[in-house]
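**Student:** The structure under discussion is supplied below as structure tokens; questions concerning it will follow.
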Amino acid sequence: DMGKTVRRLFGYVAHSKLLLLVVGLCLLASVFTNLGGSYMQRGIINDFLYSGCTDVKGLALAIMKLVGVFLLGCLATYAQSAAMVRIAQRGVKQLRQDLFDKLQELPLSYFDKHPHGELMSRFTNDVDNVEVMINNSLTGLVSGVISLVGTFIFMVTTNIWLSLITVAFLPVFALGGQALAKRSGKYYSGQQAALGAVN
């Protein structure tokens with residue numbers, strides 16, 4: 001049950017409400033500065049470079065504004081990453097503690113039936129992967145969705161026909177991604193099983 005699993009994992013990060021707020025604000029700032037910077041490049045190319053640059057001062061000012069926007073985006077991304085690392089570390093610490101507490105409740109027969117290396121792998125490799133998911137995949141997913149919506153709005157306002165052509169290819173990309181995820185999931189499970197066997 002993917003939904004239940006995700007909700008359970010969110011429970012480990014939900015306690016850091018203030019840090020999550022910081023991550024959310026920095027994430028929005030990072031995405032919008034990235035989109036805004038891309039939109040500003042369009043103006044620089046059309047107004048100065050494509051038409052022949054006669055206003056050097058105006059070009060320099062536009063470039064300085066663009067650099068400022070991207071620097072702001074870099075700072076937001078750094079702050080978001082730093083806050084997310086703290087959130088992930090706190091969540092993983094609690095997850096490992098819960099795992100340890102659970103082991104204390106299990107009967108000795110459980111340890112006779114399960115190899116020690118497999119149990120060690122749960123505490124190390126599997127939990128490390130959960131940390132990577134919380135730290136990177138979670139913010140990447142939210143950032144990707146916001147960027148996709150923002151980019152689509154910019155595309156539609158710039159050229160509706162090119163936007164429609166791009167949208168027509170989305171089902172192909174979605175089907176390809178789904179097929180890839182299905183195959184990689186099988187190999188990922190095998191990889192984790194092999195790590196347990198190695199341990």
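Residues checked against (1) in contact with a Lys or Arg (Cβ under 9 Å, 6 or more places away or on another chain); (2) modelled with pLDDT of 90 or more; (3) among the hydrophobic types (A, V, I, L, M, F, W, C):
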{"position": "Gly37", "(1), (2), (3)": "no, no, no"}
{"position": "Ile45", "(1), (2), (3)": "no, no, yes"}
{"position": "Cys53", "(1), (2), (3)": "no, no, yes"}
{"position": "Ala62", "(1), (2), (3)": "no, no, yes"}
{"position": "Ala76", "(1), (2), (3)": "no, yes, yes"}
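**Student:** Please work out if Ala179 is more than 29 Å from Ser81 (Cα to Cα), under 21 Å from the mean Cα position of the chain (by Cα) and open to solvent by 40 Å² or more (accessible area, probe 1.4 Å).
**Tutor:** It is true that Ala179 is more than 29 Å from Ser81 (Cα to Cα), under 21 Å from the mean Cα position of the chain (by Cα) and open to solvent by 40 Å² or more (accessible area, probe 1.4 Å).
**Student:** Conditions first: (1) within 27 Å of Thr33 (Cβ to Cβ); (2) open to solvent by less than 70 Å² (accessible area, probe 1.4 Å); (3) not basic (Lys, Arg). Leu162 passes all but one, so which condition is the exception?
**Tutor:** Here Leu162 meets the rest and fails (2).
**Student:** Give the residue, chosen from Val67, Val31, that is surrounded by fewer than 16 Cβ atoms within 10 Å (Cβ to Cβ), among the aliphatic types (A, V, I, L, M) and either within 16 Å of the chain's Cα centre (by Cα) or part of a helix (DSSP H, G or I) (or both).
**Tutor:** That would be Val67, the only listed residue that is surrounded by fewer than 16 Cβ atoms within 10 Å (Cβ to Cβ), among the aliphatic types (A, V, I, L, M) and either within 16 Å of the chain's Cα centre (by Cα) or part of a helix (DSSP H, G or I) (or both).
**Student:** Step by step: first the residues of the range 34-64, then only those that are in contact with a helix residue (DSSP H, G or I) (Cβ under 6 Å, 6 or more places away or on another chain) and over 30 Å from Ser137 (Cβ atoms), then the one that is surrounded by the fewest Cβ atoms within 10 Å (Cβ to Cβ). Which residue is that?
**Tutor:** Per the criteria, the residue is Cys53.
**Student:** Under the condition of being among the aliphatic types (A, V, I, L, M) and more than 23 Å from the chain's Cα centre (by Cα), which residue from the range 119-154 is surrounded by the fewest Cβ atoms within 10 Å (Cβ to Cβ)? Break it down into steps so the answer makes sense when it comes.
**Tutor:** Here is the first cut: in the range 119-154, the ones among the aliphatic types (A, V, I, L, M) are 119-120, 127, 130, 132-134, 138, 141-142, 145-146, 148-149, 153.
Remaining after also requiring more than 23 Å from the chain's Cα centre (by Cα): 119-120.
On the way: Leu119: 17, Met120: 13.
Per the stated criteria, the residue is Met120.
**Student:** Now, a different point. Taking the residues in the range 86-104 that are out of contact with any Phe, Trp or Tyr (no Cβ under 7 Å at 6 or more places or on another chain) and of a type in the set (Lys, Arg) as candidates, determine which candidate is farthest from Val23 (Cα to Cα).
**Tutor:** So, considering only residues that are out of contact with any Phe, Trp or Tyr (no Cβ under 7 Å at 6 or more places or on another chain) and of a type in the set (Lys, Arg), the one farthest from Val23 (Cα to Cα) is Lys102.
**Student:** From the residues in the range 77-121 that are out of contact with any Gly (no Cβ under 8 Å at 6 or more places or on another chain), touching a residue at least 24 places away in the same chain (Cβ under 8 Å) and among the charged types (D, E, K, R), which one is nearest to Val142 (Cα to Cα)?
**Tutor:** Per the stated criteria, the residue is Arg86.
The values are calculated or read from the model by the stated rules, or taken from the named source; none is laboratory data. Keep in mind that what you see is a predicted model, and the values were worked out from it rather than measured. Reconstructed Cβ throughout: ideal geometry from the backbone, glycine too, with neighbour counts over all protein chains shown. We work out accessible area using only protein heavy atoms, side chains counted, and drop any ligands, DNA or RNA first. Shrake-Rupley method; radii C 1.70, N 1.55, O 1.52, S 1.80 Å.
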